[in-house]
Every structure is written in structure tokens, then in C-alpha cells.
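The values are calculated or read from the model by the stated rules, or taken from the named source; none is laboratory data. Being a predicted model, the structure only gives us computed values, none of them experimental. Virtual Cβ from ideal backbone geometry, glycine too; neighbours counted across all protein chains shown. The protein model used for the area step is the full one, side chains on, heavy atoms only, and it has no ligands, DNA or RNA in it. Shrake-Rupley method; radii C 1.70, N 1.55, O 1.52, S 1.80 Å.
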Amino acid sequence: MSQISRITRYSDIDVNRHVTSRTYEHFASDARYEILVQNGITLNEYYDKNIRLHTKNSFVKFIRQQGPLDTIKVNTRTFAFGKNSYLFDHQFEQPDGSPVCHLQVLAELNNAEIQTSENLQNEFEVHIKELDDFSGKCERIENNLVPLYSDRDAFGEYNLNSFWKFFEDGRWMFSKKLDLTLEKMLEHDTTSFYMSGHCEIFNQPVAGEPMKLFTWIDRIDKIRYYFRQDLQQGEVKIASMIDEQLVVSLSRARPQKVPQYLRDVLQPFTEH
């Protein structure tokens with residue numbers, strides 16, 4: 001197992017006043033590259049030998065909110081997962097060992113190999129999964145996005161953090177088009193928190209070329225609802241995501257049933 005430690009920044013805080021989800025992926029990415037360095041794969045070798053670590057699938061679960069200047073430990077186990085692929089299991093903890101976040105990343109490593117000291121055991125739960133195609137049974141909100149040149153990483157590609165950003169913007173734009181603004185939610189003593197999600201990446205987008213982002217609701221449960229999103233550039237499917245939203249009463253600071261007004265607004269866009 002590999003371990004690194006990072007400190008959150010004030011700039012990592014989002015509009016809900018806790019550390020944004022993308023911060024955890026920043027830390028996890030550091031952990032993955034640290035493992036490559038431990039295997040002798042330096043940044044210069046990345047360039048010289050055209051080595052690339054491509055994320056193909058991921059799962060994340062948020063457990064405990066964090067604020068600025070919190071120290072977070074990232075414990076990472078690495079497993080071989082098929083040809084040229086590795087499963088990185090990231091467990092985020094506070095200094096006292098309290099769990100903060102769990103992130104699994106399935107990545108393909110091109111033109112290199114790394115040593116893994118562990119084998120997948122039966123008791124180890126793999127959360128990675130493939131997402132179903134849209135069934136066409138509901139309406140979807142369509143928005144336009146342009147992948148910015150400046151959002152590419154050191155290798156000219158869009159990493160998992162960028163895809164999370166695309167889909168976060170999609171949730172906001174979906175809510176705005178349905179007049180589910182932050183202010184409207186607050187009027188109903190309601191907010192929702194991103195609790196977990198799966199992201200599947202199929203292709204890299206072309207920088208500067210317009211993309212279509214389709215957003216809808218997979219299903220509504222008692223105190224949760226689930227966003228689904230597809231990202232497409234021309235006829236090429238780029239990525240898909242599903243994420244779990246927990247509905248919370250602000251005044252009571254506890255989960256509550258999905259309010260009827262919210263169910264009514266979401267119903268035409270709910271697939272199941």
C-alpha cells in the first residue's frame with residue numbers, strides 16, 4: 001500500500017462550503033503518479049516513451065465533509081485488472097483515521113508496466129461498473145459545452161477531474177433550465193448533496209470542438225435521486241455518468257423525503 005498526505009486549500013471549497021469533489025481526484029491523481037514514480041516511471045519517461053495512464057472508469061463515495069486546511073491521508077492499493085489495466089483503490093482519511101472518501105479508478109497504462117504487491121481477493125469489493133444506455137423513456141435536457149484548451153493536462157488530454165467538471169456543470173445547467181436554482185431550493189428548506197457516483201470514459205474530446213451534454217434523472221427514491229448524463233462530440237460518445245444526490249432539510253440538518261414539488265418538476269425527466 002502507498003500513502004501520501006495533502007492539505008486542502010481555501011480555493012478547494014465549493015458553494016456548499018465544503019471541499020469540492022474534484023479536490024479528492026486531484027489528491028488521488030497525485031497518489032497514482034507517485035506509484036508510477038516508485039516504479040521508476042518519471043515525468044521525463046512519460047514524454048520520451050509516450051507512456052500514458054488513461055482513466056476508463058471510476059467510482060466515488062463521499063463519507064465525511066472536509067473544510068479548508070484539513071489534512072487528508074490517501075491510502076492507495078493497486079491491483080492488476082486485465083491486460084495493461086490497473087485498479088487503484090484510494091481510501092481518504094483524516095489524521096485520526098476517520099474515513100473521508102472512497103475512490104476507485106480503473107486505468108489503462110500504455111507502454112509501461114507497474115508491479116502490484118496485492119491480488120484481488122474475493123472479499124474485496126470492486127465498485128467499477130458499466131452504465132446502461134439511455135432507454136428513451138423520458139425527456140432529457142441538452143446543453144452545449146466546449147472543452148477548453150486550458151483544461152488539458154500536461155499530456156494534452158482531459159483527465160478524470162475534467163470529466164467531473166463537465167458533469168458538475170451539467171447538473172447546474174439542468175437545474176437552471178428547470179428553475180431549480182439554489183435560491184429556489186433554499187425557499188423550500190431543501191438542498192441536495194453529491195454522495196456517490198460512477199463515471200465511464202470512452203473517448204477523449206477534441207479541444208475547442210463543441211460537445212452535447214444530455215442530462216436526465218435515472219430514478220427517484222425516498223430521500224435520494226440520481227442524475228444521469230451522457231457527453232457526446234459529433235457522433236462520438238465521450239463519457240457517461242450517474243451520481244447519487246441526498247436530499248437534506250437545511251433547518252433540521254438531516255436527510256428528508258424528496259419534496260413533492262421537486263418530484264413534480266423532475267418527473268418528465270425521470271427514466272425509471
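Can you work out the FRET efficiency for the pair VAL248 and SER11, with r the C-beta to C-beta distance and R0 = 30 Å, to the nearest 0.05?
Details: r = 25 Å, r/R0 = 0.82.
Once rounded, the FRET efficiency stands at 0.75.
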Practice item. Could you work out the mean projected area of the convex hull around the alpha carbons of region 179-272, in square nanometres to one decimal? Key: 7.2
**Study point:** Straight-distance crosslink candidates among lysines, where the alpha carbon sits under 23 Å from LYS137 and sequence neighbours closer than 8 are dropped
**Key:** LYS129, LYS176, LYS177, LYS212, LYS222, LYS237
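If you count, for each residue, the other Cβ atoms within 10 Å and average over each peptide, how do 107-114, 146-153, 86-93 line up from highest to lowest?
On the way: 107-114: 15.5, 146-153: 13.1, 86-93: 21.6.
Top of the packing list down: 86-93, 107-114, 146-153.
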Point to revise | Alpha-carbon spread of the chain, three principal axes, descending order, Å | key: 56, 48, 38
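Per 0.36 nm of contour for each residue apart, how much would the distance between THR181 and HIS272 grow if the chain were fully extended, relative to their Cα-Cα spacing? List each step's numbers first, then the result.
Values: separation 91, 0.36 × 91 = 32.76 nm, distance 2.40 nm.
Full extension from THR181 to HIS272 adds 30.4 nm.
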Check your understanding: How large, in percent, is the carbon and sulfur part of the accessible surface of the chain at a probe radius of 1.4 Å?
Key -> 46
Study note, to complete from the structure: For region 1-155, shape from the Cα gyration tensor axes a ≥ b ≥ c, cut at a/c of 1.5 then a/b versus b/c, turns out rounded
Review point. Counting only heavy atoms of protein chains, what accessible area per residue, in Å², does the chain have with a probe of 1.4 Å?
Key: 51
Revision key, fill the gap. Helix 160-177 sits off the longest principal axis of the Cα atoms of the chain, rounded to the nearest 10 on a 0 to 90 degree scale, by 10
Study note, to complete from the structure: So, with points 7 Å from each Cα along the Cβ direction, the GLN94-GLU235 label distance in nm works out to 5.3
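Could you grab the relative contact order for region 1-129? Cα pairs under 8 Å, six or more apart, rounded to a whole percent. Could the numbers behind the result be given before it?
Working: 235 pairs, mean separation 38.4, N = 129.
Relative contact order here is 30 percent.
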**Study point:** Protein-only accessible surface order, largest first, of GLU157, GLU235, GLU271 at 1.4 Å
**Key:** GLU235, GLU157, GLU271
Study note, to complete from the structure: SASA check, ARG52, accessible area w/ 1.4 Å probe, all protein chains in place, rounded to nearest 10 Å², comes out at 40
Point to revise | Three-way shape label, region 100-166, alpha-carbon gyration tensor, a/c 1.5 | key: oblate
